[in-house]
Amino acid sequence: DLSSVVRYGGEMGLLGYAFHPDFASNHQLFVSYSDNNHSGRSTISRFDSDGTSEIDISTEHVILTVDQPASNHNGGQILFGPDGMFYVALGDGGGAGDTYHNGQNLNTLLGKILRLNVTHTDTYTVPADNPFIGNSSVRPEIYAYGLRNPWRFSFDRQTGALWAADVGQNTLEEVDIIKPG
């Protein structure tokens, strides 16, 4: 029961969860939620289980937090890819027309899909083959940018392509094939 830490309302709440690919042996569950204690900031955490159906909330390890300037466009999907890496979707921070100019800003994690390594660490490391590694003017966690509110995504089982549902504005929605960079 995460109700004491999750902020609900609008587009905030418990936004996603993913079992570690080695859950059968490491018993790790990852959760994406709007933090009730910090004005709805996006929080990605890992919880440990004893291998039964119970997750021990006291085992929370916060992996990543990102401040949100508004209560909408929080993204929230998290997923392990076929490469074993951990993918995190974050919206642009809210408002119409990218109010906060985050989608194209490569110094913020908002409006992005991130690619992280969360295996054998309490937080995360950045995979050495992420597209912006070595570019000191870009956050290395960024896998893809220019998104509004990528609230769901999935890897195609046959081709490996990453497909994302990105919320449009007013009359249109968008489905994208996400490519690194």
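Of all residue pairs spaced 6 or more apart or on separate chains, those with beta-carbon atoms under 6 Å, a first member in the stretch 46-64 that is open to solvent by less than 70 Å² (accessible area, probe 1.4 Å) and a second member that is of a type in the set (Lys, Arg) are HIS61/ARG46; ILE63/ARG46.
Check the stretch 93-113 and report whether any residue there is of a type in the set (Ser, Thr, Tyr), more than 21 Å from TRP163 (Cα to Cα) and surrounded by fewer than 16 Cβ atoms within 10 Å (Cβ to Cβ).
Just the residues of the stretch 93-113 that are of a type in the set (Ser, Thr, Tyr), to begin with: 99-100, 108.
Subsequent filtering for residues that are more than 21 Å from TRP163 (Cα to Cα) retains 99-100, 108.
Right, trim to surrounded by fewer than 16 Cβ atoms within 10 Å (Cβ to Cβ) and you get 99.
Scanning the stretch 93-113 turns up at least one residue that is of a type in the set (Ser, Thr, Tyr), more than 21 Å from TRP163 (Cα to Cα) and surrounded by fewer than 16 Cβ atoms within 10 Å (Cβ to Cβ).
Residues of the stretch 140-152 include none that is in contact with a Pro (Cβ under 8 Å, 6 or more places away or on another chain), touching a residue at least 40 places away in the same chain (Cβ under 8 Å) and part of a loop (DSSP other than H, G, I, E, B).
For the stretch 71-79, state whether one or more residues are surrounded by fewer than 21 Cβ atoms within 10 Å (Cβ to Cβ), assigned to a loop (DSSP other than H, G, I, E, B), touching a Phe, Trp or Tyr at 6+ places or on another chain (Cβ under 9 Å) and modelled with pLDDT of 95 or more.
First, the residues of the stretch 71-79 that are surrounded by fewer than 21 Cβ atoms within 10 Å (Cβ to Cβ): 71-72, 79.
This time we only want the ones that are assigned to a loop (DSSP other than H, G, I, E, B), so: 71-72.
Of the ones still in play, those that are also touching a Phe, Trp or Tyr at 6+ places or on another chain (Cβ under 9 Å) are none.
No, the stretch 71-79 contains no residue that is surrounded by fewer than 21 Cβ atoms within 10 Å (Cβ to Cβ), assigned to a loop (DSSP other than H, G, I, E, B), touching a Phe, Trp or Tyr at 6+ places or on another chain (Cβ under 9 Å) and modelled with pLDDT of 95 or more.
Of everything listed in (1) open to solvent by less than 10 Å² (accessible area, probe 1.4 Å); (2) part of a loop (DSSP other than H, G, I, E, B); (3) without any contact (Cβ under 8 Å) to a residue 24 or more places away in the chain, the single unmet condition for GLY40 is (3).
The values are calculated or read from the model by the stated rules, or taken from the named source; none is laboratory data. The structure presented is a predicted model; accordingly, all values stated were derived computationally and were not measured. Positions of Cβ are backbone-derived with ideal geometry, glycine not excepted, and every protein chain shown enters the neighbour counts. Surface accessibility is based on the protein's heavy atoms, side chains included, excluding ligands, DNA and RNA. Shrake-Rupley method; radii C 1.70, N 1.55, O 1.52, S 1.80 Å.
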